[in-house]
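Read the figures in this text as sums done on the coordinates, not as results from a lab. Owing to the predicted nature of the structure, the values given are computational and were not obtained by experimental measurement. Don't worry about glycine lacking a Cβ; one is built from the backbone with ideal geometry, like all the others, and counts go over all protein chains shown.
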Amino acid sequence: MKMLEYANHIIQTIEGAGGEAYIVGGAVRDMLLKRDPGDYDLATSLLPEEVMQLFPIVIPTGLEHGTVTVVLDHMPFEITTFRSETTYSDRRRPDAVTLGVSLEEDLTRRDFTINAMALKPTGLVDLFGGQDDLASKIVRTVGRAEDRFNEDALRMIRAFRFMSQLEFTLDPQTEQAITNQKHHLQSVAVERIAMEFEKLLLGPGRKTALQVMLRTGIYADMPGLDDTILNQLISLDLNGVSSDNVWTLVLVAGLRPEALRVFKRSKKQEGRAKTLAPLVQEQTLSDWQRYRLSDEELEHLNHMTGRRHEGRTSLPIRRLQDLTVNGRDMIELGLQKKQIKEALHHLERQVVDGRLENQREILLKEVMSWKNQHGTESSMH
């Protein structure tokens, strides 16, 4: 409630200075759906310079788009001057932005009716039937869908994301426009597509959203995706998956690992996906498989699959450093750099698999035996 009180304080401060201001976008939608908004964005008739004079802490986060961020009690509120936009040559950014227009013009440029409402303590402004679409659980563009998708082709993927997150259906005309204009998605930065696709896959209505994506054929303009992968994603149980782990499931569904690089996923997401994907279908894990995972990865794997693989505490060692011998011992036994690494890995595997006890004398003896067998051969490589 505190954030809403601060948002209303901003509105009253701007109105006290002779301007108009409203809460806009997703926060209005969430409040009408009785959800708790993650943040509150506001729109105002005042120019950024005028807003900056009214509050003690203001960050000029996007002056070229008319946006500043007011910070109250360490909480950020993005405030954007009412604006209209001209044509979108690159189907992503407007060629020009006009500040100081009416609230109606500002709301007209927004993507979907459910995101194009404005709210202040004295009432709600809903010019495009957003409340009706919330009640009917429909994702529909503001005005002609073709126009909205021409402005920003990413909105096509956002439509499916909102379907999934809110468990809504897609307006038939909006779906038809996506079918007709899906090739424009190729003009959108791939990391923007990936972020929306992630949110889609994490939503409770993902299966329906993916089925409509299949119907429109838009997946063919996304890196590495095909109908087989989408059908697999529809049938997979995405139990307890987070944004860190969701790409694991996309790999399980058949995406080639190298496509993760194309999607520009973080190193953590990419590493997690490549580590866990081969294990998702395993009913039981070997000691070596458990050893190769971190405690966190094993916990995530259990959460994702609903299985209870045994923890790592029962393993004879949990990391290489737990061995009773180390690299210094290898040097004393006359091993070279590459040999040391190979010998330690050999011991690690033997101990984890239970073929050797983690006792110093036993391991030193095994190293000598390994050296006699592999030492010369390794040094020749």
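Roughly how many nanometres apart are two label points built 7 Å out from the Cα toward the Cβ at Ser243 and Met75?
Here the answer is 2.1 nm between the modelled labels.
Evaluate E = 1/(1 + (r/R0)^6) for Lys2 and Ser286, where r is the Cβ-Cβ distance and R0 equals 56 Å; express this FRET efficiency to the nearest 0.05.
Result of the calculation: an efficiency of 0.65.
Using only the Cα atoms of region 270-381, what are the Rg and Dmax in Å?
16.4, 48
Return the FRET efficiency for the residue pair Glu332, Ala189: r is the Cβ-Cβ distance, R0 is 51 Å, and the value is rounded to the nearest 0.05.
0.40
Treating each Cα of region 166-275 as an identical point scatterer and ignoring solvent, apply the Debye formula and state log10 I(q)/I(0) at q = 0.11, 0.12, 0.14 Å⁻¹.
Per q value, in the given order, log10 I(q)/I(0) is -0.33, -0.39, -0.54.
Would you mind checking the radius of gyration and Dmax of region 1-141 based on alpha-carbon positions, in Å?
14.8, 42
Please list, in chain and number order, the residues 5+ apart from Leu72 or on another chain whose amide H is under 5 Å from its amide H, with Hs placed from the backbone.
Counting only residues 5 or more places away or on other chains, the set is Phe77.
Hey, which lysines would be in cross-link range of Lys365, C-alpha to C-alpha under 22 Å, not counting anything within fewer than 8 residues on its own chain?
Hits, sequence-local ones excluded: Lys337, Lys338, Lys341.
Using the Karplus curve 6.51 cos²θ - 1.76 cosθ + 1.60 with θ = phi - 60°, work out ³J(HN,Hα) for each residue of region 310-316 in order, rounded to whole Hz, and write x for Gly and Pro.
Rounded to whole hertz, the list is 4, x, 8, 5, 7, 6, x.
Could you check the simple spin-label distance between Asn302 and Lys267, using points 7 Å along Cα→Cβ, in nm with one decimal?
Result for the modelled spin labels: 2.8 nm.
In whole Å, how far is the Cα centre of region 283-306 from that of region 316-358?
If you average the Cα positions of each part, the centres end up 23 Å apart.
In whole Hz, with x marking every Gly and Pro, tabulate ³J(HN,Hα) for region 253-262 from phi via Karplus 6.51 cos²θ - 1.76 cosθ + 1.60, θ = phi - 60°.
Result, rounded to whole Hz: 6, x, 5, 6, x, 5, 5, 4, 5, 5.
Would you kindly compute the Cα radius of gyration of the chain and its largest Cα-Cα separation (Dmax), both in Å?
Considering the chain through its Cα atoms, Rg and Dmax are 28.0, 88 Å.
In nm², what is the average projected area of the convex hull enclosing the Cα atoms of region 1-82? Could you put the intermediate results ahead of the total?
Numbers: hull surface 19.7 nm².
Seen from a random direction, the Cα hull of region 1-82 projects 4.9 nm² on average.
For region 159-170, what does the Karplus curve 6.51 cos²θ - 1.76 cosθ + 1.60, with θ = phi - 60°, yield as ³J(HN,Hα) per residue in whole Hz, taken in order and with x for Gly and Pro?
4, 5, 4, 5, 3, 6, 5, 9, 6, 9, 9, 9
Excluding same-chain residues fewer than 8 positions from Lys137, which aspartates and glutamates have a Cα within less than 20 Å of its Cα?
Asp30, Asp36, Asp111, Asp126, Glu167, Asp171, Glu175, Glu196
Based on the Cα coordinates of region 97-166, what is the per residue volume of their convex hull in Å³?
102 Å³
Given contacts defined as C-alpha pairs under 8 Å and at least six residues apart, what's the relative contact order of region 228-340, whole-number percent? Mind showing how you got there, number by number?
Numbers: 87 pairs, mean separation 25.7, N = 113.
Once divided by the residue count of region 228-340, the mean separation gives 23 percent.
Pop a pseudo-label 7 angstrom from the Cα along the beta-carbon direction at both Gln321 and Lys34 and give the gap in nm to one decimal.
Roughly 5.2 nm, to one decimal.
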